[in-house]
């Protein structure tokens, strides 16, 4: 459950950034689980990209979920914008379905 919320927040932020800041029209999201149990989330969009990166809430979210293991670049095959986030599942809480995770 907590993993689902974390992935959902990450995807929501990636889409929001692509549309709001990058003016993207097409966004491709990929999600996969790595052998290490990390969750890999990537977004490719056809927007203008990040002109002057500023550390906002989205960057802090990516830093927290990935322990800094995320990056921004260009997709080699298309030249489109690419953001990759490796969610470190060890930063997530182990909670039962009916429990709420503690607030930080």
Would you mind computing, in nm to one decimal, how far apart the modelled labels at residue 9 and residue 76 are, each placed 7 Å from Cα along Cα→Cβ? 3.3
Once the Cβ-Cβ distance between residue 67 and residue 16 is put in as r, and R0 is 25 Å, what FRET efficiency do you end up with, to the nearest 0.05? 0.70
Global geometry of the stretch 2-91, whether rounded, prolate or oblate, following the gyration tensor of its Cα atoms and the 1.5 cut on a/c: prolate
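Quick check: residue separation of residue 90 and residue 31 times 0.36 nm, minus the Cα distance between them. What number comes out in nm?
Details: separation 59, 0.36 × 59 = 21.24 nm, distance 1.75 nm.
That pair, residue 90 and residue 31, stretches by 19.5 nm at full extension.
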Could you tell me how far the Cα centroid of the stretch 44-86 sits from the Cα centroid of the stretch 1-40, in Å? 10
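Just so you know, all these numbers are worked out from the coordinates, no wet-lab data involved. Everything numeric here is computed off the predicted structure, so don't read it as measured data. So basically every Cβ, Gly included, is an ideal-geometry build from the backbone, and we count neighbours across all protein chains shown.
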